[in-house]
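Chemist: This is the structure I want to talk about, given as structure tokens.
Derivation of every value follows stated rules applied to the coordinates shown; laboratory data play no part. None of these values were measured; they are calculated from a predicted model. No Cβ is skipped: glycine too gets one built from the backbone with ideal geometry, and neighbour counts run over all protein chains shown.
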Amino acid sequence: MVQVTDRVQGRHARPRRFWCCEAFMMNSTVPPDAEGRRIICDGDYATVRYVGYVPPTPELWLGVEWDNPQRGKHNGCHQGTQYFVCRHPTGGSFIRPKNVCFGVDFITAVKNRYGFKDKQSEKDQEAAAIVIGKKTVELVGFQRIQQIKNQLNKLTEISLRECAVYDSGQKREISQMCPTSDIVSLNLSKNLLPSWDKVAEVACQLKKLEILDLSENKLRVSSDPVSLSSAFINLRVLSLNGTGVTWTEVLMCSPMWPLLEDLYLASNNITVIERPVNTLQSLRTLDLFNNKLIGGTQLQHIAYLPRLEQLMLSNTGISSIHFPDVGHGCKSAMFPSLRSLAVNNNKIAEWSFINELDKLQCLQSLICKNNPLMESNKNIETMRQLIIAKIGNLKFLDKSEILPKERQGAELDYRKIFGNDWLQAGGHQNPEKNRPNMEFLADHPRYELLCKKYGAPEDGELKQEKRFTLKNQLLTLTIECPDQPNQKPIEKKLPDSMTVQKVKGLLHRLLKVPGSNLRLSYKSAKMESKEIELQNDLKSLAFYSIENGDCILARW
């Protein structure tokens with residue numbers, strides 16, 4: 001039966017509800033549980049908020065709230081009567097039931113999606129019969145059902161995206177059709193599932209299910225989520241992208257997923273984060289891409305998830321981050337297992353954000369491009385070097401591996417660039433007199449560590465020129481060939497913008513040696529005991545902090 005609402009016109013009219021089987025019979029396309037169901041109409045998705053009459057027309061109407069509010073016309077009010085309520089002032093419409101698709105059950109969707117036969121041939125029908133005594137008994141559909149079972153049992157992954165699935169079908173139909181199923185991955189994104197209860201009816205029949213995609217469904221939270229946990233007992237990966245879910249709803253549902261490891265919540269309504277209590281403790285990956293978080297302090301509420309290794313915060317609007325449990329140069333107890341962080345496409349404009357990330361114990365990979373800070377300097381390589389120098393454990397930056405030689409070059413250059421600031425702030429080559437002020441240490445938390453690693457910069461080593469503005473400066477360099485005693489040293493003036501590859505080309509012409517065989521390094525009078533290899537042919541001499549008077553060593 002369909003629950004029909006009788007409305008009396010008028011601004012303050014109250015609805016009168018009653019059950020009417022005739023209404024359902026009048027239009028058999030309307031299921032008895034239509035109100036609250038998800039539907040498709042002309043390719044657009046909506047939720048039924050009202051089933052009944054809308055005077056003066058005598059026909060049955062569906063009042064729907066569209067997922068895309070631009071598709072609607074009003075907020076559920078018609079001629080002064082509020083038939084239903086929408087979240088958006090133009091999110092509602094009245095439509096005819098005949099134009100609506102209410103969806104199909106799970107098994108029907110699988111048959112349609114994978115092309116399983118649903119009709120027997122005459123040959124199959126003849127074969128599907130046995131003789132008992134003098135009577136022939138037909139086994140109607142037996143071979144068809146057995147064939148579908150065999151096909152289903154071979155599947156390990158099922159994708160039913162946009163297949164209009166609304167429920168599991170008849171009781172235990174899925175488990176009967178695939179009793180030995182090895183299905184571990186199920187994609188039910190952009191379907192017509194109305195609630196978590198309906199999802200659980202499907203999942204409980206797939207005992208080995210580990211990966212579930214429910215993106216772009218609008219799911220009502222169950223009144224008793226704990227009771228549904230047995231349906232998701234093996235679930236490890238869950239996608240809820242574009243479902244409109246809030247963090248509060250995530251926490252309400254989380255008892256259903258006791259072993260969940262990867263949770264994808266991109267493009268939802270998450271603005272505020274609350275601390276999970278006794279839930280989500282096994283989480284390793286959390287994706288919050290394209291959720292407009294209100295302030296970086298929201299992240300502190302998830303900072304003590306013990307196993308969280310990967311956090312995606314791209315396009316969330318964050319501009320700051322702070323780990324208040326420790327000071328500069330110390331490691332925080334927050335995010336104890338975090339290895340990978342994505343904060344690209346945000347509003348990060350201060351170096352203090354990068355400084356804070358060095359407090360993370362395990363951070364190895366950072367994606368931070370397309371932020372105001374990274375765009376403040378047109379020299380991409382310079383920005384990369386500074387970030388590498390500021391975060392000591394980093395192994396990958398913007399998906400590019402940081403090799404040991406690149407880190408060494410970045411840290412040495414950082415040590416030189418800010419050497420004068422260090423001296424002015426109270427730094428000194430003599431450890432007993434070295435007392436840089438707190439302001440400098442807040443801006444450069446790793447500087448003292450770099451001085452211990454490479455030695456304090458000498459006065460003559462420090463750059464006096466304006467930072468990052470040296471272009472095409474000519475360097476007077478000596479080129480020596482340590483393995484060729486008969487080769488005299490060569491003195492050349494080279495621009496600091498010259499790449500290692502071009503230096504090899506020059507030496508190829510001067511020394512008559514194939515450039516591909518050349519191995520270059522350099523040494524400086526300021527660091528007599530160290531020889532630094534020029535590994536990357538595409539990097540400039542300035543990248544390696546080569547200065548006037550330095551010596552390039554060529555070997556082949």
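Chemist: Taking a ≥ b ≥ c as the square roots of the eigenvalues of the Cα gyration tensor of the stretch 37-101, is the shape rounded (a/c under 1.5), prolate (a/b larger than b/c) or oblate? Show your work: numbers first, answer last.
Modeler: Details: a/c = 1.96, a/b = 1.12, b/c = 1.74.
Note, shape of the stretch 37-101 comes out oblate.
Chemist: A follow-up question, please. How far apart, in nanometres, would the label points at Lys154 and Arg172 be if each is projected 7 angstrom from Cα along the Cα-to-Cβ direction?
Modeler: Those two pseudo-labels are separated by 2.7 nm.
Chemist: Within straight cross-link reach of Lys207, meaning Cα distance under 18 Å, which aspartates and glutamates are found once same-chain residues fewer than 8 apart are removed?
Modeler: Hits, sequence-local ones excluded: Glu157, Asp167, Glu173, Asp182, Asp197, Glu261.
Chemist: Here's another thing I want to ask about it. Compute the distance in nm between two label points, each set 7 Å from the Cα along the Cα-to-Cβ direction, one at Ser319 and one at Gln70.
Modeler: Result for the modelled spin labels: 2.9 nm.
Chemist: Moving on. Going by average Cβ neighbours within 10 Å, how do the peptides 217-224, 423-430 rank, with the highest at the top?
Modeler: Numbers: 217-224: 16.2, 423-430: 14.8.
The packing order, highest mean first, is 217-224, 423-430.
Chemist: Around Ser320, under 10 Å between beta carbons, what's the net of Lys plus Arg minus Asp minus Glu among the other residues? Provide the component values of the computation, followed by the final result.
Modeler: Working: positive: Lys347; negative: Glu350, Glu356.
Its environment carries a net charge of -1.
Chemist: Ordered by residue, what ³J(HN,Hα) values in Hz, to whole numbers, does the stretch 430-445 give under the Karplus form 6.51 cos²θ - 1.76 cosθ + 1.60, where θ = phi - 60° and Gly and Pro are x?
Modeler: Each residue of the stretch 430-445 in turn: 7, x, 6, 9, 7, 9, x, 6, 5, 4, 5, 5, 5, 7, 9, x Hz.
Chemist: Of Lys190/Lys399; Lys111/Lys171; Lys171/Lys208; Lys331/Lys452, which ones are farther than 23 Å apart at the Cα?
Modeler: On the way: Lys190/Lys399 31 Å; Lys111/Lys171 18 Å; Lys171/Lys208 19 Å; Lys331/Lys452 18 Å.
Violating the 23 Å Cα-Cα cut-off are Lys190/Lys399.
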